[in-house]
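To keep things clear, I will list the structure first and then write my remarks on it.
Every number in this text was worked out from the coordinates using simple rules, so none of it is lab data. Every value quoted in this text rests on a predicted model; they were computed, and no experiment measured them. All Cβ positions, glycine included, derive from the backbone under ideal geometry; neighbour counts span all protein chains shown.
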Amino acid sequence: METIRYFKILISHVHVDCFFAQGLRPGVPAESPAMVFATPTKVVSEAGSTVEYLGTNRVPDLQRLFQTSDGVPIHLKRGVPDKLLYRTTMALTIGGALYCLVALYFAAQPNKK
């Protein structure tokens, strides 16, 4: 009986507002928010029916390059830049792992006073 009384006292002091975080209150705002841009930057009739691209479509060429089965891994298909990037990444990874092991070795040594 004592715990039930304590629980009722505890519940009576709880505010309902604490259950709704800011911005998550139920309901729809009365007015819609103001528009950021009043008019579109380009009217549809001005754009025309054709779509303008900034460059040539290189997707078919890249698909042809990446889909050839020449035994080269996919991450090295584009030649020297890919090899350079791969080898640099591997060197930094191995160097970082060795540096961590050396730092752990020095941290495990007792202090010399």
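What is segment 73-113 by shape, rounded, prolate or oblate, if you read a ≥ b ≥ c off the alpha carbon gyration tensor as root eigenvalues and call it rounded for a/c under 1.5, prolate for a/b larger than b/c, and oblate otherwise? Taking the square roots of the gyration eigenvalues as a ≥ b ≥ c, segment 73-113 is prolate.
What the phi angles of segment 87-95 give under the Karplus curve with 6.51, -1.76 and 1.60, with θ = phi - 60°, is a coupling list of 5, 5, 5, 5, 5, 5, 5, 5, x Hz, glycine and proline written as x.
Highest average first, the peptides 81-91, 102-112, 63-73 ordered by how many other beta carbon atoms sit within 10 Å of their residues are 81-91, 63-73, 102-112.
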